[in-house]
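Peer 1: So that we are looking at the same thing, I have put the structure below in C-alpha cells.
The values are calculated or read from the model by the stated rules, or taken from the named source; none is laboratory data. Computed from a predicted model, the values in this text were never measured in an experiment. FYI the Cβ positions are ideal-geometry reconstructions off the backbone, even for glycines, and counts take in every protein chain you see.
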Amino acid sequence: MFNFTPEERRVALFLLGLAFCGLILSNLIKLNCRMAGVAYPRIQLAKLDINKISLSELIGLKCVPVKLAQRIIEHRNARQAFGSLEELTEVKGIGQQRLEKLKDIFFIE
Amino acid sequence: MKRLLAGLAVFYGLGIILADLIRLDFWLITGVAVAVFILASLGRSNKYLFLPLFLFLALLAGCLSLKNSYRLSGCHIRNFVSYNHSIIYNVKGFISSVPELKYGRYWFSLRAREIQVDRLRYKCCGELLVKMDFARELNYGENLTLIGNLNRLYSFNRASQGYQDYLARQGIYLTMSIKDSRQIVRPGGFSGAKLIKSCFWLRAYLEQVISRHLPALPASILSAMVLGQKRDIPWLVNNSMVKSGTVHILVVSGFNVGIVAFIINLLLKILRFPHKARIILTAVCLLVYCWVTGATNPVIRATVMGLVYLMAYFLKREPDIYNSLVSAALFILVINPRQLFDIGFQLSFVSVLAIVYLYPKLKSLTRLEACKIKILKFIGEGCLVSFSAWLGTLVIIALNFRIIAPVTVLANILIVPLATLITLCGFTLVLSGLIYPDLANLLSLPTAGVITLLLNINAALIKLPFAYIYF
C-alpha cells in the first residue's frame, strides 16, 4: 500500500509539511492577532504614505517628474496633509489619468 | 557538427541584425540567396564548401524574414487610414485579447475584418489597440463594431519611439480611443478560437481561486508567478524588485513549466499510464499552460525547450540543452523576427545561456566539487548560478534600464529559493483550491507567509548602501 516512489514520497512530505505550517500559523494567529503580520504583508510594502514621504524619497523613486514631486510636497506642506488621494488633482500637472497611476503607488493612512 | 542547429540560429539572428543595420533591397537579397542556394546544391558533396554556404543561407534567411516582417499585406487596416484625425472610421472585427483594466481604462486589441471610410467598405486584416474610458463587460472573441478616429502611432521622442516599436512587434500600428458607449456596437456572435477562449476562461478561473484564498498583495504576486499575470502587482513592489535585480521571479519561467510537467507526469504515473502516453499528455498540458499564461517569450522559450526534451525522451535520444535553447529561439524568431530586439526575449535567452555556459566553468574554476560540506556546496552553487545570470545580463540591463545593481547576486541567493518555494506552494494552493477548498484555506497561510518574507527581505536589501546605482 505504501509502495511510494522517491518522487511520490517527496511530494507527500511537502504537502504534509505545508499543511502542518498552515495549522501552526492558523493557531498562532488565533492566539495573538499580531501574528497576522507574519502571514500577511503590511500595506507599506506595496504602497507609500503620501503624507509621510519626503521630497528626496519621492524624487529617488522616479515615479513622477522632479518638478511635479516638488509641487506635490509643497501642496502637502501648505495644507498640512492630504485628506484623500483625490486631492492630488489640485496639484498642477495631475489629471485623472495620472491620478489613477498615483493611486497604485500611494495610500493615506 | 553536433550543434548545427545552434550555428543555424546564430547566423539567422546575425542576418536579422544585419538587415536592421544595413538598408538592403529585399529583391537584391533574394537574388543573392538564390545564387548561394544553387551553389550549395551543386557543392553539397563537398563538406568544406557546403557548410559555409549553408550558414550564409541562414544569414540571408534572417535578413529576408526581417525585411518581410516590415512589409504589411495589402489589406492591412493601416493602409486605409490617413493622417487626418478628423475622419471617422467604422471598424468591424472581434476582440483578440482579454480586456484589461489599467490606470482606469480598459485596454484590448481588436482584430479588424472590415473598415468603412465615408460610405466605402473594405475587407481588411490586422490589429488595433483599443482604449476604453468606461466599464463594459467584453470577452475574448466577441464581435464588435467600433466607431471613431483611428490614430497612427507617431514617434515624437525616443520614449514614444520605444513604445511604438514595442506595439509594432506585437503587430499593432493603430490605436482607437473609445470615450462614449455609443461608439461601440455589439452585433453578437463569436469569432475567436475556442481553444484560446477556453484557456483564457481557465486562467480567469484560476485567478479567482488564488484571490479567493489570499489577500490582494500576495494574490497579485502569486498570479504573476504561477499564471504570468502581472497587471495587479503594485508599482512599488515591481520597482523594488527591478532595483534588486529579482524582477525575473515575477514571470512564468522554465521552472514553472518544469513543475507543470512534473505534476502531470506524476499524476499520470500514479494512474498507471504507459510511458509514451505520459509524454504525449505532458506535452499537450505544457502547450495548454503556455496559452493560459499568455504565451509570452519566456514561456514560449521554456515550453519549446520542454517539448524538445520530451521529444528526446520519446525518441530515446540524448537531449542537448544548447540545441533545445536555440530551437526555442528559432521558433520565436521564425514567427516574428522583430522579437530579437525585444528586451524580454534578450534577457530570457541570455540569462539561460549564461547559466548553461558560465556556471560549469565557474564551478570548476572555484573547485566547488571538492567541497565536502553539503550546505556550503549548496550555497556556493546558488551563488554561482546567480552570478552567472547577473554577469550574462549585466550589459543588457545597464544599457536598457540605466541601472547597475551590485545587490543582485546577494538578493538572488536569498530570494530565488523563496520564489521556488512560493511557486511550489502556489501550484499546490491552486490544485487544492480546485479539488478541496478547505485545504486550500489552510495552505494559503504558509504561502502568504513566504510571500511576506520575500517582500520584507527585498525591501531590506534595496536599503543597503550602494545596493543599486542609476546612471
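Peer 1: Return the pairs, sorted by first residue and then second, in which the second residue is modelled with pLDDT of 80 or more and among the small types (G, A, S), the first residue lies in the range B:79-90 and is closer than 15 Å to B:A112 by Cβ, the beta carbons are less than 8 Å apart, and the residues are 6+ apart or on different chains.
Peer 2: Correct list of pairs: B:Y89/B:G148.
Peer 1: Okay, moving on. Identify, from the list B:S41, B:S69, the residue that is in a helix (DSSP H, G or I), hydroxyl-bearing (S, T, Y), out of contact with any strand residue (DSSP E or B) (no Cβ under 8 Å at 6 or more places or on another chain) and closer than 30 Å to B:A168 by Cα.
Peer 2: B:S69
Peer 1: Among (1) crowded, with 19+ Cβ neighbours inside 10 Å; (2) in contact with a helix residue (DSSP H, G or I) (Cβ under 6 Å, 6 or more places away or on another chain); (3) within 12 Å of chain A (Cβ to nearest Cβ), which single condition is B:T452 missing?
Peer 2: The failed condition is (2).
Peer 1: Looking only at the range B:229-245, decide whether some residue is aliphatic (A, V, I, L, M), assigned to a loop (DSSP other than H, G, I, E, B) and within 12 Å of chain A (Cβ to nearest Cβ).
Peer 2: Looking through the range B:229-245, at least one residue is aliphatic (A, V, I, L, M), assigned to a loop (DSSP other than H, G, I, E, B) and within 12 Å of chain A (Cβ to nearest Cβ).
Peer 1: Considering only residues that are more than 21 Å from B:S351 (Cα to Cα) and surrounded by 21 or more Cβ atoms within 10 Å (Cβ to Cβ), which ones fall in the range B:256-277?
Peer 2: B:V260, B:A261
Peer 1: Follow-up question, since we're still on this one. Looking at the range B:439-459, can you tell me whether even one residue there is in a loop (DSSP other than H, G, I, E, B) and not acidic (D, E)?
Peer 2: No - not one qualifying residue is present in the range B:439-459.
Peer 1: Being touching a Phe, Trp or Tyr at 6+ places or on another chain (Cβ under 7 Å) and not in a helix (DSSP H, G or I) is the filter; apply it to the range A:32-83 and report the residue that is farthest from B:I221 (Cα to Cα).
Peer 2: Filtering the range A:32-83 for residues that are touching a Phe, Trp or Tyr at 6+ places or on another chain (Cβ under 7 Å) and not in a helix (DSSP H, G or I), the one farthest from B:I221 (Cα to Cα) comes out as A:N51.
Peer 1: Do any residues in the range A:8-30 that are more than 9 Å from chain B (Cβ to nearest Cβ) have Cβ atoms under 6 Å from those of residues that are exposed (fewer than 12 other Cβ atoms within 10 Å of the Cβ), where the two are at least six apart or on different chains, and which pairs are they?
Peer 2: none
Peer 1: Restricting to the range B:203-222, what's the tally of residues that are outside any helix (DSSP H, G or I) and closer than 12 Å to B:V430 by Cα?
Peer 2: Result for the range B:203-222: 1.
Peer 1: Looking at (1) over 30 Å from A:K62 (Cβ atoms); (2) within 14 Å of chain A (Cβ to nearest Cβ); (3) among the β-branched types (V, I, T), can you tell me which one B:I280 breaks?
Peer 2: Single failed check for B:I280: (2).
Residues are listed down the side, and each one gets a yes or a no for (1) within 14 Å of chain A (Cβ to nearest Cβ); (2) assigned to a helix (DSSP H, G or I); (3) buried (at least 19 other Cβ atoms within 10 Å of the Cβ):
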residue	(1), (2), (3)
B:S348	no, yes, yes
B:F378	no, yes, no
B:I413	no, yes, no
B:T420	yes, yes, no
B:L431	yes, yes, no
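Peer 1: Still on this structure, please answer the following. Given the condition surrounded by fewer than 15 Cβ atoms within 10 Å (Cβ to Cβ) and of a type in the set (D, E, K, R), answer yes or no: does some residue in the range B:73-87 qualify?
Peer 2: Within the range B:73-87, not a single residue is surrounded by fewer than 15 Cβ atoms within 10 Å (Cβ to Cβ) and of a type in the set (D, E, K, R).
Peer 1: Give the residue, chosen from A:L61, A:L31, A:L18, that is surrounded by 12 or more Cβ atoms within 10 Å (Cβ to Cβ), among the hydrophobic types (A, V, I, L, M, F, W, C), at pLDDT 85 or above and out of contact with any strand residue (DSSP E or B) (no Cβ under 6 Å at 6 or more places or on another chain).
Peer 2: A:L18
Peer 1: Further question on the same structure: If I filter the range A:92-106 for residues that are away from chain B (no Cβ under 14 Å), in a helix (DSSP H, G or I), more than 18 Å from the chain's Cα centre (by Cα) and more than 30 Å from B:D438 (Cα to Cα), do I get at least one hit?
Peer 2: No, the range A:92-106 contains no residue that is away from chain B (no Cβ under 14 Å), in a helix (DSSP H, G or I), more than 18 Å from the chain's Cα centre (by Cα) and more than 30 Å from B:D438 (Cα to Cα).
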